[in-house]
1. What lysines sit close enough to residue 104 to cross-link, taking a C-alpha to C-alpha distance under 17 Å and skipping anything fewer than 8 places away on the same chain?
2. I want to verify the translational diffusion coefficient of the stretch 128-179 in µm²/s; compute it with Stokes-Einstein, Rh as the Kirkwood radius over Cα pairs, at 25 °C and 0.890 mPa s.
3. Which of 125, 136, 162 moves the most in a Gaussian network model of the chain with Cα springs under 10 Å?
4. Assuming 0.36 nm per residue, please report the length gained on full extension of the stretch residue 257 to residue 10 beyond their Cα-Cα distance.
5. List, in order, the whole-Hz ³J(HN,Hα) value for each residue of the stretch 76-93 obtained from phi through the Karplus relation with A = 6.51, B = -1.76, C = 1.60 and θ = phi - 60°; use x for Gly and Pro.
6. If each DSSP helix of 4+ residues adds -39,500 (n - 2.57) and the sum is divided by the residues in the chain, what number results at 222 nm, nearest 500 deg cm²/dmol?
7. Which of these, 254, 144, 64, has the largest mean-square fluctuation under a Gaussian network model of the chain (Cα springs below 10 Å)?
8. Going from the alpha-carbon gyration tensor of the stretch 114-214, what semi-axes, largest first and in whole Å, does one get by taking the root of 5 times each eigenvalue?
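Each value in this text was obtained by applying a stated rule to the coordinates, not by laboratory testing. Keep in mind the model is a prediction, meaning the values are calculated, not measured. No Cβ is skipped: glycine too gets one built from the backbone with ideal geometry, and neighbour counts run over all protein chains shown.
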Amino acid sequence: MTEIALLTAANLISDAPDRRADAYLFDVQLDILRQGFAPHGLTLTPMRWTDHATDWTRFAAILVNCAWDYQDRHADFLATLDRIAGLGVPVFNDPAVIRWNIRKTYLRAFEQRGVPVIPTLWPEAPTDEDIRQAMADFGIDDVVLKRQVGGGARAQVRYTHANMPDPGPVMDRPGMIQPFIASIATEGEYSFLFIDGAFSHALVKRAKSGDYRIQEAYGGTSETITPAPDDLAAARSVITAVDAPPLYARVDMVRGAAGELLLMELEVLEPYLYPENGPQVGAMLGAALARRLAR
């Protein structure tokens, strides 16, 4: 059997004393991936990316998918990936792609390539004036401030004229401001899973009543769907706009006012693959990884 390392957050490992409340999602995904890898002679071993004493050369490849704690140490995280790749160990997705994807300014590249995206302002040190300017620029009094590097709606804040920040800084790091897209609270957010460019499955994620955050940590739920042809084509256009198909990717989109899907983000760094909505994703990823290692 060929051993593959799965880079994880320290608090996802089964014996972690501070194990995350949502670690069961990691367990579900790990089990389905292992089932899909086994027919190809591949085993999957979870490894903390922060464990610098690890001999990474013992692994045939590194799969970067569950390092859910990278946000506040992303420079160290990227340096770890570069160090592993420098040892000659294949890393998936490629560290260069992950470095590009880790900061959401990559959305500019998609916009330049004709992919519909949510309008965004990119203040490096967001203040209350940036919030006011965004409202004026977007012609809307309902905006969302997010981190440029981050995920899971962490530190995300929604502002309206009735809920404005105090004067001064509103975030301690580079941010991004977008108009609130009303459909996320009514229709939900769509996720499309692709393995090596091939479509696996899709789902819609919905927020609990009275909220707009679709993450399970905030009471969100997900439902497997068969996407409409136009919606699937919109998701495929995101994958084809990337120079080379990543080994795995999740395309998250929301419905715009004109009925078109807008790219919210392309996840090639740490996406949960929602294997309970598409169990075949484990077999697809196992086969795709085996093909890449055989090249």
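1. 146
2. On the way: Rh = 11.1 Å.
My calculation gives 220 µm²/s for D.
3. Checking each option, the largest mean-square fluctuation is seen for 162.
4. Working: separation 247, 0.36 × 247 = 88.92 nm, distance 4.08 nm.
Once the chain is fully extended between residue 257 and residue 10, it gains 84.8 nm.
5. 5, 4, 5, 5, 5, 4, 5, 5, 5, 4, x, 7, x, 8, x, 10, 10, 6
6. Values: 8 runs with 83 residues, N = 295.
Value at 222 nm, helices only: -8500 deg cm²/dmol.
7. Residue with maximal mean-square fluctuation among 254, 144, 64: 144.
8. Values: eigenvalues 144, 51, 34 Å².
Whole-Å semi-axes of the equivalent ellipsoid: 27, 16, 13.
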